[in-house]
Amino acid sequence: MVNLEGKDILDGAQFSREEIDFTMSVADDFRKQLKERPAIDLLKGNIMASLFFEPSTRTRLSFETAMHRLGGNVVGFSSAESTSTAKGETLVDTIRTVDQYADVIAMRHPQIGSAKEAAAVAKAPVLNGGDGAGQHPTQALLDLYTIKSERGHVDGTTIVLCGDLKNGRTVHAGVEIYKHYNCKLIMVAPEQLKMPADILAKLRDHGVAFEETTDLEAALAKGDVLYMTRIQKERFTDPAEYERLKGSYILTREMVERIQPKLTIMHPLPRVNEITTDVDSLTNAAYFRQVGNGVFVRMALIASVLGKV
Amino acid sequence: MVNLEGKDILDGAQFSREEIDFTMSVADDFRKQLKERPAIDLLKGNIMASLFFEPSTRTRLSFETAMHRLGGNVVGFSSAESTSTAKGETLVDTIRTVDQYADVIAMRHPQIGSAKEAAAVAKAPVLNGGDGAGQHPTQALLDLYTIKSERGHVDGTTIVLCGDLKNGRTVHAGVEIYKHYNCKLIMVAPEQLKMPADILAKLRDHGVAFEETTDLEAALAKGDVLYMTRIQKERFTDPAEYERLKGSYILTREMVERIQPKLTIMHPLPRVNEITTDVDSLTNAAYFRQVGNGVFVRMALIASVLGKV
Amino acid sequence: MVNLEGKDILDGAQFSREEIDFTMSVADDFRKQLKERPAIDLLKGNIMASLFFEPSTRTRLSFETAMHRLGGNVVGFSSAESTSTAKGETLVDTIRTVDQYADVIAMRHPQIGSAKEAAAVAKAPVLNGGDGAGQHPTQALLDLYTIKSERGHVDGTTIVLCGDLKNGRTVHAGVEIYKHYNCKLIMVAPEQLKMPADILAKLRDHGVAFEETTDLEAALAKGDVLYMTRIQKERFTDPAEYERLKGSYILTREMVERIQPKLTIMHPLPRVNEITTDVDSLTNAAYFRQVGNGVFVRMALIASVLGKV
């Protein structure tokens, strides 16, 4: 029996296949319930702290929407400027404070390892909504949910991961999830932004089939799913290198129609120019549905760690 | 039968007389219900996205209060800095994202036409809370509601519009509403800030009686209602011109008592110095009641576009 | 019979002993109720305006948590930048606006006297969450609640107040509360940051026993409770003076164990370096429990001023 009560959600590596499947099925169930009515009363009176030390529209509003759809309330902040960090408070002290208020904590912080640090002192379960270039496990789970939902299954799928695979926390968390499934990964990145060696080593250990290339078109010819990512300006210390690399890979409608018309197209968003807007109206452009799936998956995680499913 | 379900509220021009009257009557009904209890359970579980790309205390909190008084919840942001706009995301992508979360979207954005652009891609109804120097239809409706509420009727009223009529979106949206009523408009503005010619042309087409002047005192002598507006610093590219014009018109208590003691005094707020504070205690100083009316009118609009009235 | 309905909570001096004891007992009652369920439906549909013109994690989230735990809703802002203050609006106009929306107002503002100014124009009760270097009465009450809760009683206790006693609004509000109890105060501060003479005069008037010293260790030897405060950088006009004074008093675990092992250790937080982190794991380190007590005390105050207890 899967039981996530009291657990922190810190990285993709923490999950067993059973826990992932369980989360997918809870998310599915919430999705069905929300078709009947706007919200569920499961977490009435509960409070989620939404602590975003770094700007985010998508992830923050997704967590907060999930909490409201479960009948709960939210307190929090959307940037570090309006917090006591400006007065010199440490992350640990901030978390210990908020831990006195909330039943569950969702957080994003620019530092790798910050969510783990928070979880070590908080009694409330901590959900990592992104720790710098580290992990982003709720994104990885919603990505998996999207693949299942769009294609009916994950096993047997060839997934093309493209963009900044060095700094992209969504793909780092993602491969930790995909490794449980019988799928193949094709990694497309410029030389400077390749997937880190330690993650590749883990994939080898798990017997996950993967290949690396710099050629997006060749990868698409073999792929079922494209997971495109943004070259993240905020991860570069050298602006010139960002300028050199930002246009490396751009998916156009013409490419999809010519190479792989049935390609499921995903993106964690925001996009800058990696997918041209003429792709948006393709029925297999899944990235905005993917955003919506985030609410169901986060509902599943919040309710699970609070022991309500 | 008036039915606003699924409609966007984008500008003053979109409304028929019947729709306006309907909205006024729904607002009135909510006002009465709120006298009995603090909130109504009509929108329990529903979520409004409150997207303020530009700072606003009044309009944002008014929309959010309206949603809470209807039993609903709110997610959103109060400035563009804490959004993905900073990462290069387009307005359209942000809206498509939020559209996955919310049942209704209230927004303010510095660009003219932004609300319309948002409405074109959102499934959820969009309520324009101000698009730069463009429109501000919910303000126009609450202004009308205030005139009705303060004077008992709109037909037959002479309304003096004073201040920055060139950039003032509240007066632009307002004249589109007033044109449905048998009222007379007197427009008082410095030469550089006169009402745009295209709006005057529309008024002529609709047979609305109006006159233009630079003399506030002469206008007050003939007016029933003064709608004073702020010279908006943020609409000027030349700070020197703002400095020259900002003190053009200032209403004092002495002027009201001498010229038109029964004048209904309105202002969309914030004010800087256009109405001296000794006016505040006059019983016909309606501007803070006007703020309160905003909640009832926005409740009416939110509930209407969600098909709940 | 104590009745706080409609009252503003502006400073520590306003309270009678009966009102303080009543608030403590209501807070205690809410604490017990929250052990059974996450929230109480007492303020369903009510709205609190949370107006933080100055950054604050702790106090803002504490007020908002309190409101949610009572079943109510919150509108507001967490910094002055996203308000109409930037457009030149006065505090009084902002408050009169918000007064149209909310049933109760919690606010923090950098100016001494701002909460009083707000209360003078608002129909809704105003709760002062800190007015510059002025007062912070809800903090003072939660501090008292913590002493009672940690030690069982306040009478007979020797309380050491340490740090910036000149600018520290929590200690200013605190002494106004402690004066009702038969406790002794020992004030430890560098010469430049001593408790203001007018407050000392009041203590003498009330017959409160106190002494002043610059020697923390000597004070601890006689104390039951240490109330440590931060040297507040934001209150200094001269950065050099801040640098000179900031390390004046630092409590270490070694000091506690050597001088007064049963010392109850409190701090309004955030701390910078005044209490070393090795103190945190002592069972009598009460500062994070103190944060939690803030929610119960603020629940008591909000419910009381709204006439719901």
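The values are calculated or read from the model by the stated rules, or taken from the named source; none is laboratory data. All values derive from a computational prediction rather than experimental measurement. Glycine gets a Cβ as well: all are built from the backbone with ideal geometry, and neighbour counts include every protein chain shown.
Taken over region C:126-172, the criterion of being in contact with a Gly (Cβ under 6 Å, 6 or more places away or on another chain) and surrounded by 24 or more Cβ atoms within 10 Å (Cβ to Cβ) is satisfied by C:H136, C:P137, C:A140, C:L142, C:D143, C:V160, C:R169. For the structure I just gave you, tell me whether C:I159 is in the same structural domain as C:E217 (by TED's automatic domain parsing) and in contact with a strand residue (DSSP E or B) (Cβ under 6 Å, 6 or more places away or on another chain). Answer is yes for this residue.
Restricting attention to region B:56-73, does a residue exist that is buried (at least 24 other Cβ atoms within 10 Å of the Cβ), within 7 Å of chain A (Cβ to nearest Cβ) and more than 20 Å from the chain's Cα centre (by Cα)? The answer is yes, given that some residue of region B:56-73 is buried (at least 24 other Cβ atoms within 10 Å of the Cβ), within 7 Å of chain A (Cβ to nearest Cβ) and more than 20 Å from the chain's Cα centre (by Cα). When C:V98 is tested against the conditions (1) within 7 Å of chain B (Cβ to nearest Cβ); (2) without any contact (Cβ under 8 Å) to a residue 40 or more places away in the chain; (3) hydrophobic (A, V, I, L, M, F, W, C), the lone failure is (2).
Residues of region B:267-309 that are farther than 18 Å from B:E5 by Cα and β-branched (V, I, T): B:V272, B:I275, B:T276, B:T277, B:V279, B:T283, B:V291, B:V295.
Look at region B:58-78 and say how many of its residues are in contact with a strand residue (DSSP E or B) (Cβ under 7 Å, 6 or more places away or on another chain) and either in a loop (DSSP other than H, G, I, E, B) or among the basic types (K, R) (or both).
Taking region B:58-78 as the starting set, the residues that turn out to be in contact with a strand residue (DSSP E or B) (Cβ under 7 Å, 6 or more places away or on another chain) are B:59-61, B:63-65, B:67-68, B:72-78.
Restricting the remaining residues to those that are either in a loop (DSSP other than H, G, I, E, B) or among the basic types (K, R) (or both) gives B:60, B:72, B:78.
Residues that pass the stated criteria total 3.
Just checking, how many residues over region A:101-129 are aliphatic (A, V, I, L, M) and within 13 Å of chain C (Cβ to nearest Cβ)? Final tally of qualifying residues: 8.
The set of residues from region C:281-309 being more than 11 Å from chain A (Cβ to nearest Cβ), out of contact with any strand residue (DSSP E or B) (no Cβ under 8 Å at 6 or more places or on another chain) and either in a helix (DSSP H, G or I) or crowded, with 24+ Cβ neighbours inside 10 Å (or both) comprises C:V297, C:M299, C:A300, C:A303, C:S304.
Need at least 3 residues that are under 20 Å from the mean Cα position of the chain (by Cα) per element, so show me which helices (runs of 4 or more DSSP H) inside region A:152-266 make the cut, counting only ones lying wholly within it. Where helices (runs of 4 or more DSSP H) fall fully within region A:152-266 and carry at least 3 residues being under 20 Å from the mean Cα position of the chain (by Cα), they are A:169-178, A:197-205. Given the condition more than 21 Å from C:A173 (Cα to Cα), within 14 Å of chain B (Cβ to nearest Cβ) and outside any loop (DSSP other than H, G, I, E, B), answer yes or no: does some residue in region C:26-33 qualify? No, that holds for no residue. Entry remark, region B:227-264: residues being under 18 Å from B:E150 (Cβ atoms) and within 14 Å of another protein chain (Cβ to nearest Cβ) number 2 in total.
Residues that are surrounded by 19 or more Cβ atoms within 10 Å (Cβ to Cβ) and charged (D, E, K, R) were ranked within region A:74-104; the one that is farthest from C:R69 (Cα to Cα) is A:E89.
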